[in-house]
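A quick write-up on the structure given underneath.
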Amino acid sequence: MKKLKLLVVDDDPNICELIRLYCEKEGYVVKIAYSGTEGLNTFFDDAFDLLILDIMLPGLDGWELCKEIRSSFKTPIIMLTGKGESYDIIKGLDLGADDYVVKPFDPNELIARVKAVLRRYNVLNSEQEIISFPTLVIDMKQYKVRSYEEEITLPPKEIELLFFLAANANRVFTRQQLLDQIWGYDFEGDPRTVDVHIKRIREKLGKKAIDWELKTLRGIGYKFEVKVQ
């Protein structure tokens with residue numbers, strides 16, 4: 001069985017070696033880069049199954065590196081940072097990160113998050129890849145969304161949230177359930193992250209569809225409602 005390959009980008013050699021020790025113990029192959037520029041070059045030189053990125057890096061910082069990778073790839077990314085403020089966390093998630101871990105961290109917690117992100121990534125990519133309605137197409141293979149035949153630009157987390165709701169049409173999900181499914185069971189950020197993403201999806205899709213609705217159930221959560229014609 002092929003071993004999964006992880007790229008760790010952090011300028012602290014001690015943290016890198018700690019992560020390497022625990023990840024290799026779990027059977028992962030680990031490569032290390034000590035700057036954002038080195039991390040980007042290493043990423044393009046090889047094929048990785050997951051990235052662990054520090055935010056405060058020499059050269060490109062973690063946010064810039066995440067944005068650069070997300071512009072072309074959907075490889076899972078965990079942000080590793082000393083910043084625990086909700087703004088920094090939401091910024092990382094909005095740029096396409098799949099999860100975050102705040103320093104100082106328990107290596108076992110990091111391993112749990114690595115496994116959870118890889119599991120969620122595999123589930124998303126093993127399900128039906130295209131969901132199609134007369135006015136909406138969600139293509140997870142290419143991470144693209146079309147509304148009324150027009151391609152709409154959405155960041156990965158918004159596409160994954162829309163896809164998950166559409167794949168479970170007419171089922172109601174609480175904010176916490178959506179956080180668990182899309183951001184991971186260990187997400188400790190602001191639950192209003194879901195509200196912000198739903199609002200942005202609605203704004204970007206624009207026209208009110210005749211065959212579906214992204215519906216709010218006040219005090220409960222959200223559902224993708226398919227309208228009966």
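The values are calculated or read from the model by the stated rules, or taken from the named source; none is laboratory data. Everything numeric in this text was worked out from a predicted model, so none of it was measured. Every residue, glycine as well, gets a Cβ built from its backbone with ideal geometry; the counts of neighbours run over all protein chains shown. For accessibility, only protein heavy atoms count, side chains too; no ligands or nucleic acids. Shrake-Rupley method; radii C 1.70, N 1.55, O 1.52, S 1.80 Å.
Points to keep in mind about this one:
- Among strands (runs of 3 or more DSSP E) entirely within region 133-229, having at least 2 residues that are touching a helix residue (DSSP H, G or I) at 6+ places or on another chain (Cβ under 7 Å) and within 21 Å of Lys74 (Cβ to Cβ) singles out 144-147.
- Condition check for Leu93: crowded, with 19+ Cβ neighbours inside 10 Å, not in a strand (DSSP E or B) and not assigned by the TED database to the domain that holds Lys141: yes
- The residue of region 41-63 that is farthest from the chain's Cα centre (by Cα), among those that are of a type in the set (Asp, Glu) and closer than 15 Å to Leu80 by Cβ, is Asp61.
- Residue check for Lys103: surrounded by fewer than 23 Cβ atoms within 10 Å (Cβ to Cβ) and closer than 23 Å to Ile159 by Cβ: no
- Single residue of Glu188, Glu149, Glu160 found to be out of contact with any strand residue (DSSP E or B) (no Cβ under 8 Å at 6 or more places or on another chain), modelled with pLDDT under 90 and closer than 27 Å to Arg119 by Cα: Glu188
- Considering region 75-90, the residues that are open to solvent by 10 Å² or more (accessible area, probe 1.4 Å) and assigned to a loop (DSSP other than H, G, I, E, B) include one that is modelled with the highest pLDDT, namely Thr75.
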